[in-house]
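The values are calculated or read from the model by the stated rules, or taken from the named source; none is laboratory data. Remember, it's a predicted structure, so these values are computed and weren't measured experimentally. Note that we place each Cβ from the backbone using ideal geometry, even for glycine, and neighbour counts take in every protein chain shown.
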């Protein structure tokens, strides 16, 4: 994943995951303040996902970009997130949320259980490989040295605001 100079290695896989909750299966995310099954909640995270992959692609141009999700990226209003991710070269790993029923449902941050499904899917898609999976409300920035990059975890609301900073991607 990291080469001898401390940079993201060519062909490394950088991923994030998002579970789309349905009504009745949602949980609380205090930083967003909305039901996780609501379109307004999901819009915040789809914007974060777009920013995650835009910044990752710019900082790690040789990495493979991967999204684990239980639903295809939607069109919300005039924004077609599937088209955006396709244009950015993001691979979509359709990953059902099977652990939800097998475990106790959490009232807050219920998506944490989805990590078990993501780990199983990562092993299936990349057996023996390494996948770096970060939260979708991270953005990447270049480091001080050529080729160096790092991910920064931002507050979800700030990451979603990055959406307005990326008109230069031409989408």
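Restricting to region 115-140, what's the tally of residues that are at negative phi and out of contact with any helix residue (DSSP H, G or I) (no Cβ under 7 Å at 6 or more places or on another chain)? The number of residues fulfilling the criteria is 16. Of the numbered criteria (1) closer than 17 Å to residue 134 by Cα; (2) at pLDDT below 90, the one residue 52 fails is (2).
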